[in-house]
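What follows draws every value from the coordinates through simple rules; no lab data is involved. These figures come from a predicted structure and were not determined experimentally. Cβ placement follows ideal geometry from the backbone for every residue including glycine, while neighbour counts extend to all protein chains displayed.
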Amino acid sequence: MLQLKTLPIQKTQITAPLFFLGIAFCCYFLSDQISEYFIYHRIHIIEHQYWRLLTGHLFHTNYAHLLLNTLAIILLWALHGKFYTTRLYCLLFVSSALIVSLAIFYLSPEMTQYVGLSGVLHAFFIWGALKDIQHHDKTGYMLLIGFILKIGHEQIYGASEEVATLINASVAIEAHFWGGVSGVMFFIFTIAFNKYSVKINNVISTK
């Protein structure tokens, strides 16, 4: 079991998750006033309101939807917060949100509206599993297998009707899939970037 002393409670590990959670809660409570200007809506994006590609993820259909995503953020932080830094978390959040939105926009044109953090959370899940594997933690393999099975099941059989009823909306399994893809892409990118940075530093130090 997780113990308090093992939880990732350093400032750099909790600042970004709390920041995005805070924004999500503000968006929820102000939804009636501002959602029409910020949610992902295909027609408005076509009209060049590109900020919706990012901000749409921060809104939710109802309180149950927000609560589910909040619990997921907390669980992912407990599992993989040891790998978090403020900059890394923000980069993964923004990049995965944009990739999910762009994939939906171009590949799922029938989806005219989308809200929620589920796509982004799937990116954090798969990225965290890969980080575990990178650090020789066998739990990462279990999480990776579980993720593949979940995504595969959703693509073949569709989403859970119980979850759809709970959040009062269709479950965007496309967002889950592309969230996973963006998480893998971010993991590969960071490895390549770190290796490139090491090579550059080695060249500079030898001059």
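Key figures for this structure:
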{"quantity": "Bins of 5 Å from zero: percent of alpha-carbon pairs in segment 96-152", "calculated": "4, 18, 21, 19, 17, 11, 7, 3, 1"}
{"quantity": "Additional length obtainable on full extension of the chain from Thr85 to Leu71, 0.36 nm per residue less Cα span", "calculated": "3.1 nm"}
{"quantity": "Spin-label model distance (nm) - Lys11 vs Leu98, 7 Å beyond Cα toward Cβ", "calculated": "2.8 nm"}
{"quantity": "Net charge of neighbours whose Cβ lies under 15 Å from the Cβ of His176, counting Lys and Arg as +1 and Asp and Glu as -1", "calculated": "-1"}
{"quantity": "Inter-centroid distance (Cα atoms) of segment 77-97 relative to segment 143-196, Å", "calculated": "16 Å"}
{"quantity": "Sorted by Cβ neighbour density within 10 Å, fewest at the top, the residues Glu154, Glu110, Glu174, Glu47", "calculated": "Glu110, Glu47, Glu154, Glu174"}
{"quantity": "Residues of segment 63-79 with amide N under 20 Å of a point placed 7 Å along Cα→Cβ from Asn168", "calculated": "63-71"}
{"quantity": "Helix runs (DSSP H) in the chain reaching 18 Å along axis by Cα, Kyte-Doolittle at least 0.5", "calculated": "11-29, 63-80, 86-107, 118-134, 139-157, 173-206"}
{"quantity": "The chain - convex hull of alpha carbons, volume per residue in Å³", "calculated": "156 Å³"}
